[in-house]
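Reviewing the structure listed below.
The values are calculated or read from the model by the stated rules, or taken from the named source; none is laboratory data. As the structure is a computational prediction, the values presented were derived from the model and not from experiment. Note that each Cβ is placed from the backbone with ideal geometry, even for glycine, and that neighbours are counted across all protein chains shown. Keep in mind that these areas ignore ligands, DNA and RNA; they rest on the heavy atoms of the full protein, side chains included. Shrake-Rupley method; radii C 1.70, N 1.55, O 1.52, S 1.80 Å.
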Amino acid sequence: MTELETRKFKKILLARQSELEGLIRNREAATIETSADALDQIQHAVERELALETLARESNFLRETRSALHRIQTGIFGVCLDCEEDIRAKRLVAVPWAARCIACQERADRDGETPDDMIEPLLVDAA
Ligand SMILES: [Zn+2]
């Protein structure tokens, strides 16, 4: 990757980072709002739950974005974390914070979804 390309990605990532930081700050402020009114409290509880889910998702995005920026700093941006091959430019344009090539990401996503694996041994024991 050329220095110019890296700079371009860095700009995109920095913009996304500050956007996410802003969103998260507002979200955190919203989740600590309280009300004396009981009905309001129920409404707040629902909103709070939604806000916390969104917050978790955004925090995740922020973490990905930060580690991509860190990879730029350390000079390994655009290289797959798992197989160490170059990540295709097309993928990076679509997902600048991508840490893996498509093949490795698909594998990681599959491995990351463990609920089934966690339940299975229990079922086997029961049978
Ligand atoms: Zn890979």
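Do we find that Cys83 is outside the structural domain of Glu5 (by TED's automatic domain parsing), within 15 Å of the ligand (Cβ to nearest atom), open to solvent by less than 40 Å² (accessible area, probe 1.4 Å) and more than 12 Å from Leu13 (Cβ to Cβ) in this structure? For Cys83, the condition - outside the structural domain of Glu5 (by TED's automatic domain parsing), within 15 Å of the ligand (Cβ to nearest atom), open to solvent by less than 40 Å² (accessible area, probe 1.4 Å) and more than 12 Å from Leu13 (Cβ to Cβ) - is not met. Of all residues in the range 19-26, at least one satisfies being over 26 Å from Asp109 (Cβ atoms) and open to solvent by 60 Å² or more (accessible area, probe 1.4 Å). Here Ala127 passes the criteria (1) at pLDDT 90 or above; (2) surrounded by fewer than 12 Cβ atoms within 10 Å (Cβ to Cβ) except the one numbered (1). Residue count for the range 61-80, restricted to those that are aromatic (Phe, Trp, Tyr) and within 16 Å of the ligand (Cβ to nearest atom): 1. Got at least one residue in the range 1-18 being in contact with a Gly (Cβ under 9 Å, 6 or more places away or on another chain), open to solvent by 100 Å² or more (accessible area, probe 1.4 Å), within 25 Å of Gln105 (Cα to Cα) and not small (Gly, Ala, Ser)? The answer is yes; a qualifying residue exists.
Across the range 86-95, a minimum of one residue is classified as open to solvent by less than 90 Å² (accessible area, probe 1.4 Å) and over 19 Å from Asp109 (Cβ atoms). Considering each of Ala89, Ala68 in turn, give the residue that is closer than 13 Å to Phe9 by Cα, assigned by TED's automatic domain parsing to the domain that holds Cys101 and not basic (Lys, Arg). Among Ala89, Ala68, only Ala89 is closer than 13 Å to Phe9 by Cα, assigned by TED's automatic domain parsing to the domain that holds Cys101 and not basic (Lys, Arg).
Does the range 34-49 contain at least one residue that is open to solvent by less than 100 Å² (accessible area, probe 1.4 Å), more than 16 Å from the ligand (Cβ to nearest atom), touching a helix residue (DSSP H, G or I) at 6+ places or on another chain (Cβ under 7 Å) and assigned to a helix (DSSP H, G or I)? No - not one qualifying residue is present in the range 34-49.
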